[in-house]
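Every read-out reported here was derived from the displayed coordinates using simple, explicitly stated rules and does not represent laboratory data. Predicted model, so just to flag it, every value in this text is computed and none were measured. Ideal geometry is used to build each Cβ from the backbone, glycine not excepted, and the neighbour counts take in all protein chains shown.
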């Protein structure tokens, strides 16, 4: 691997906990950063007790969340959603309606919180930014972010140059967050250095002209990693390389986000926090469609990483149909009777 | 040595499956002389909620089937009912305490009504629809279409006839139903569910709840995803407030009926759960 790229010192950092891309790896691994040292480090991570993981996830999923706690949880879920449209058939019009829904999820109840971000393909970023207008960006009161998937999403099968151009293009168009995919082929064949380098390079491509960075979410695509051990290794790899978030899936591969996988990634994030004091975000995406499921995730976050993770900087849901189900549940709590699909907007 | 009887536990019928109540509750069904007959699931509001979800998911498939196809499927149910005649007679004799011949005529009447309604499936649009008179070179046509999910409180003092008379007409037009069976006489309803499960009716088209109508009905009446409410068996409930709750979401509502003439077969029971769509089309290109 190219060490001069990996250990490049970086002082112009403004956002959050961002450090220079690969300095994490240098600090944690110590010595010279090489393909071998990285491999040795990742191989040294203990394996996952799958039975224990499933049992723990099932246990966390059995908590009873009712009345005021449920109302709190539903509002919190909405404010943690990356409202997503990632279809080949997307149009600027579709993105505008997505943004409208993100800003006003329930037109019948303006006390409903806004979503954290809208997540679109890179070429739709200008449309999303334009549609958001003054509400673009988390630093604005009531503003929401624009997240763009990049690096030849969802397969990641393109040359590095194309991936970097894809990323830089989205950032230049105004994306606040970049969701990149790792090269699963390289990861599964043991070329960890290549995956590492790509994440470092994409992180650099997230740099804006003013020196600040767009948030980088690293999609592991756990459905293609085959084993929990791989998920744990890929999580460490993504964090070491400088990811601000680790994200389960693209949503294009089944199985997408599951509770055990998310629990496992949260455990890595918790361990990283204990090791370095730094907080990394987690984003389960794909397959979370009901409020009931989403509440299980909230419980898992609170009891694994800690309640301070339940904020948009550290936890997100990648979802599209989840929002409507949460709105129906919110309406049920407010009115006392069951609501129906006619009372929420069609996506 | 006499053989130990194996009493049957009657479960709910939701989305083509036979789940127990989410609440875990059951209640005892007594025979005519007050002895234990069977256990039945006592549905909760959450079972009603699940049933409405199942019914909603089944609407597009059932209402988009051709009337001819629906008629065939419904007729097939009548055939299966005929094959299970003895079972229905036994259950009615046990729970109502009537003679086998009386029970037999009840079952016959129920099957006949089912067939009568099955025949309407591809005909009611011709009778209830219309080519409207217009003063121009175009057609203007009104056709009745299914309204969606119909919640039914089945007649409470009848095992099979009441249930069939309430459910069959709603199905004819392509509606899906959530029906609360008779609290005291639910055995025939669940046995009918077993017939439906082995017939060609898609899962979710008929969903059957047993238990207390007084407990479940208010949740169905106020449910925003229910399109119509048939209160035919609700005369012992506070049905005025059920109507008021239903009005919140502009449901179509049929009032309670009682006595021997309750829910007699009629075209009006079919058209009660339809909405009229009016379209126009040019007559020619001249």
Residue in the range A:310-318 that is within 14 Å of chain B (Cβ to nearest Cβ) and either touching a residue at least 12 places away in the same chain (Cβ under 8 Å) or over 16 Å from residue A:263 (Cβ atoms) (or both) present: no
Residue under evaluation residue A:295, criteria (1) within 14 Å of another protein chain (Cβ to nearest Cβ); (2) in contact (Cβ under 8 Å) with a residue 12 or more places away in the chain; (3) surrounded by 21 or more Cβ atoms within 10 Å (Cβ to Cβ), criterion not met: (1)
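Please find, within the range B:259-272, the residue that is nearest to the other protein chains (Cβ to nearest Cβ) out of those that are under 24 Å from residue B:118 (Cα atoms) and in a loop (DSSP other than H, G, I, E, B).
The qualifying residue nearest to the other protein chains (Cβ to nearest Cβ) is B:272.
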Output for the range B:256-272, where each listed residue is loosely packed, with under 12 Cβ neighbours inside 10 Å and more than 17 Å from residue B:168 (Cα to Cα): B:259, B:260
Test set (1) touching a strand residue (DSSP E or B) at 6+ places or on another chain (Cβ under 7 Å); (2) under 30 Å from residue A:36 (Cβ atoms); (3) buried (at least 21 other Cβ atoms within 10 Å of the Cβ) - residue A:223 fails condition number: (1)
Out of B:135, B:142, B:105, B:101, sole residue that is exposed (fewer than 15 other Cβ atoms within 10 Å of the Cβ) and touching a residue at least 24 places away in the same chain (Cβ under 8 Å): B:142
Failed criterion for residue B:253 (all others in (1) free of Cβ contacts under 8 Å to residues at least 40 places away in the same chain; (2) away from every other protein chain (no Cβ under 13 Å); (3) surrounded by 13 or more Cβ atoms within 10 Å (Cβ to Cβ); (4) not in a strand (DSSP E or B) hold): (4)
The lone exception for residue B:275 - which of (1) buried (at least 21 other Cβ atoms within 10 Å of the Cβ); (2) within 14 Å of another protein chain (Cβ to nearest Cβ); (3) in contact with a strand residue (DSSP E or B) (Cβ under 6 Å, 6 or more places away or on another chain) it fails: (1)
Candidates A:241, A:305 - the one that is in contact with a helix residue (DSSP H, G or I) (Cβ under 7 Å, 6 or more places away or on another chain), away from chain B (no Cβ under 14 Å) and farther than 19 Å from residue A:42 by Cβ: A:305
